[in-house]
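Colleague: Let me begin by handing over the structure; questions about it come next.
The values are calculated or read from the model by the stated rules, or taken from the named source; none is laboratory data. Bear in mind that the values here come from a model prediction, so they are computed numbers and not experimental data. Glycine gets a Cβ as well: all are built from the backbone with ideal geometry, and neighbour counts include every protein chain shown.
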There are 2 protein chains.
Amino acid sequence: MENFETINGGICAAKGFKASGLYCGIKHGLPNGNESATGKKNDIAMIFADVECNAAGVYTSNKVKGAPVVVTKNNLAKSGGKARAVIVNSGNANTCNADGEEKALEMCRLTAEQLGIPTEQVIVASTGVIGLTLPIEPIRYAVPLLAEKLSYEGNIEAATAIMTTDTVRKEYAVKFTVDGKECRLGGMAKGSGMIHPNMATTLNFITTDCNLSPEMLKKALSEIVKVTYNCLSVDGDQSTNDTCMLMASGLAGNTEITSENADFETFKNALYQVMKNLTIMLAKDGEGATKLITCVCGSAPDWDTAITAAKSVIRSPLVKTMIYGEDANCGRIVCAVGYSETDIDVSKLDIYLASRAGKIQTYKGGLNLNFSEEKAAEILKEDEIEILIELNSGTASATAWGCDLTYDYVKINGDYRS
Amino acid sequence: MENFETINGGICAAKGFKASGLYCGIKHGLPNGNESATGKKNDIAMIFADVECNAAGVYTSNKVKGAPVVVTKNNLAKSGGKARAVIVNSGNANTCNADGEEKALEMCRLTAEQLGIPTEQVIVASTGVIGLTLPIEPIRYAVPLLAEKLSYEGNIEAATAIMTTDTVRKEYAVKFTVDGKECRLGGMAKGSGMIHPNMATTLNFITTDCNLSPEMLKKALSEIVKVTYNCLSVDGDQSTNDTCMLMASGLAGNTEITSENADFETFKNALYQVMKNLTIMLAKDGEGATKLITCVCGSAPDWDTAITAAKSVIRSPLVKTMIYGEDANCGRIVCAVGYSETDIDVSKLDIYLASRAGKIQTYKGGLNLNFSEEKAAEILKEDEIEILIELNSGTASATAWGCDLTYDYVKINGDYRS
């Protein structure tokens, strides 16, 4: 029996985390009291922990880093990996501006003063258009109100505030047992698009009450990011502001996890469940997406080969349009496996398509099979499609997630910013 | 004054090359005498040289290689790099079939017998859907007719035969002087799409009467492919059948070029002119394209950095949709430069947009400028857009070519094969 259970509560599921969110007018100007009528959604959120947390972050590897990424990394370096609060806005990425770092630091200062905590214990993130000056007035206005609204049920308000062109709010949480104590772990995510898009920035915030040393927290996050978040591709573009942040309050009361023991495996599994489900939500809600694509690469010689091959398939525009067109044109999958940077023996390659409607093999030993086009069409009609590739060269396997490429992707990203 | 002049004639421009093309029914069945009325276009072509040529080829680096690529490489290895003829079909890629190599070899045998030359002196290429058995009957029917139709003015018939979803025929030729002799060099290309698409296969055939040793021919082709053909990206997918073939008859009568002397530079420049112009034609005619995008990366620390950065920008779907949407959302360009695998100092990055309508700077030192949106809109309204990136870190520069990403790309590639 698996040691976890899905629960509600998102970032407030774990003990000791309050959150809030509201509209402050980052893009459209300060509120005029008529926001719900005009449909203006929340654009700023706060998370506040009851106690000092261990925090670990994974950030974009883009050489252009958003100012909030730089400031958050500096803060955590100064605080020795301790954090109490998060302040995050949508509507402006605060990136490639002359005063970006100053503004990001000001967001931390305002939050710290309001909450009575050290500035370096504040995590800051922003998502939205690049290259526009961030207006600080809406944030000055918002911070005291956010602090006032903080609640143990504020997760929905916060998860709404970080959305941009997201069409659904993304939250997931689980409970599990470590050392006889019930632990909780939950998260919220945003992506992959913007109303006035600049990049498909993805933000992930995850909280837990499980007690882990900073080193083990970091280790768990790095390992799980590799097989979830980093196996997601909507369009192959990598944002300047991608951030995945994990905070642990320790309030579950378990003995601190300080080594790679069984408790650590349990924790990692819980983290995997939450991050995998957030990743799937991100893939499903990719800009313009009509279908979720899951590519599983099995019987690979090693794990990196499996990941690289699965990601190459998920990233291919020709595979994405083929799934959109519901066309079992699997030469495109062979091709994408073939140009992946791996040492795959393509003469051993088998390919299957699957969905709720069934499963069909289309390639065997690198050669096209004379499969039933009718069955394939039935399978591809569904909105969740699995592409299974077997390398028949080992025992490693990996999964990557993505979505189809549609007219609407072009429409969303071709539309003028304003 | 530049030592070359653009001329007509494509692959028949150089002395000693005949060509032909016709409809044989690779995909739609043998002709019934009513082809011009039903609009069935040529689907098979032949090139035949009056004398044995030195030949050099560059092929796809995809691990899945089309059967014709494998057979051509074997032939040239056996013949010591000598070739007399080319046989090439569209409508079927002859790839990922159990009997692909057998069929490709049969195409060479039929051609060799008909022309009275050794089988290993025949170059074979195919483009079209992957994974379908190639019907050999249409080819048996075509080869004698192709041989009969061979002519020094057959270039247009041949260039038409290799088209798939290409909307325009692609030919280019130049003349230049080496060693006091007039030399000619011309080529034809196809790409990037198929009516029943599988991948954006690109085929290039180039002929010259300039006299070069096999080694220098190979060297010139490798160098020029790197800065033309390999700097082209329509969608980032790399085909299984990509082939670029260069044949030299030596009939211009110049002293054989055997070293990297001034004549070699002259030859390379002529080859660059032809391949660059074919590359631009391929980019312009990318599936669904409405705009040609040229990205020039200047003041780079080295050549590889310049190429990598320019290609990263050209490949980005967010940049492609931004150009389609005529939106100067240049944070997307910064982002694509930022995630390129280079050691670029992004704080020195300048960006300009340019077209017939003018030129505007949008980023300076990695920061967004307060530029005129009106001027930017005027520039982006044109159908040939230049993105200029200056790294301000050296003297190297490179150019990459591509096209915008449009509804029609999704439509063409999402449509069912049959």
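Colleague: In the stretch B:135-158, what residues are assigned to a helix (DSSP H, G or I) and over 24 Å from the mean Cα position of the chain (by Cα)?
Modeller: Within the stretch B:135-158, B:137, B:138, B:139, B:140, B:141, B:142, B:143, B:144, B:145, B:147, B:148, B:149 meet the criteria.
Colleague: Considering only residues of the stretch B:110-166 that are of a type outside the set (Val, Ile, Thr) and within 14 Å of chain A (Cβ to nearest Cβ), which is surrounded by the most Cβ atoms within 10 Å (Cβ to Cβ)?
Modeller: Across the stretch B:110-166, the extreme among qualifying residues is B:126.
Colleague: Identify the single condition in (1) in contact with a helix residue (DSSP H, G or I) (Cβ under 7 Å, 6 or more places away or on another chain); (2) closer than 18 Å to residue A:161 by Cβ that residue A:83 does not satisfy, given that it satisfies every other one.
Modeller: Only one criterion is unmet by residue A:83, namely (2).
Colleague: For the stretch B:67-103, which positions are of a type in the set (Val, Ile, Thr) and within 14 Å of another protein chain (Cβ to nearest Cβ)?
Modeller: Selection gives B:69, B:70, B:95.
Colleague: Right, something else. Being touching a strand residue (DSSP E or B) at 6+ places or on another chain (Cβ under 6 Å), more than 14 Å from chain A (Cβ to nearest Cβ) and surrounded by fewer than 24 Cβ atoms within 10 Å (Cβ to Cβ) is the filter here, so list the residues in the stretch B:297-326 that pass it.
Modeller: B:298, B:299, B:302, B:303, B:307
Colleague: Report every pair of residues separated by at least 6 positions or lying on different chains whose Cβ atoms are under 7 Å apart, first residue within the stretch A:220-237 and away from chain B (no Cβ under 13 Å) and surrounded by fewer than 18 Cβ atoms within 10 Å (Cβ to Cβ), second at pLDDT 95 or above and part of a helix (DSSP H, G or I).
Modeller: Final answer for the pair search is A:223/A:268.
Colleague: Another question, if that's okay. What is the one condition in (1) closer than 23 Å to residue A:289 by Cβ; (2) in contact with a Gly (Cβ under 8 Å, 6 or more places away or on another chain); (3) of a type outside the set (Val, Ile, Thr) that residue A:390 does not satisfy?
Modeller: Result: residue A:390 fails condition (1) only.
Colleague: Condition first: facing chain B (nearest Cβ under 9 Å) and of a type in the set (Lys, Arg). Now tell me which residues in the stretch A:359-418 satisfy that.
Modeller: A:411, A:417
Colleague: Surrounded by 19 or more Cβ atoms within 10 Å (Cβ to Cβ) and over 30 Å from residue A:173 (Cβ atoms): is that true of residue A:344 in this structure?
Modeller: So residue A:344 fits the description; yes.
Residues are listed down the side, and each one gets a yes or a no for (1) in contact (Cβ under 8 Å) with a residue 40 or more places away in the chain; (2) surrounded by 20 or more Cβ atoms within 10 Å (Cβ to Cβ):
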residue	(1), (2)
A:331	no, yes
A:355	no, no
A:359	no, no
A:377	yes, no
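Colleague: Only one residue in A:356, A:332 is within 24 Å of residue B:233 (Cβ to Cβ), among the basic types (Lys, Arg) and touching a helix residue (DSSP H, G or I) at 6+ places or on another chain (Cβ under 9 Å), so which one is that?
Modeller: Of A:356, A:332, the one residue that is within 24 Å of residue B:233 (Cβ to Cβ), among the basic types (Lys, Arg) and touching a helix residue (DSSP H, G or I) at 6+ places or on another chain (Cβ under 9 Å) is A:332.
Colleague: Here is a further query. Could you look through the stretch A:66-93, keep only residues that are assigned to a loop (DSSP other than H, G, I, E, B) and out of contact with any Gly (no Cβ under 8 Å at 6 or more places or on another chain), and pick out the one that is surrounded by the most Cβ atoms within 10 Å (Cβ to Cβ)?
Modeller: A:81
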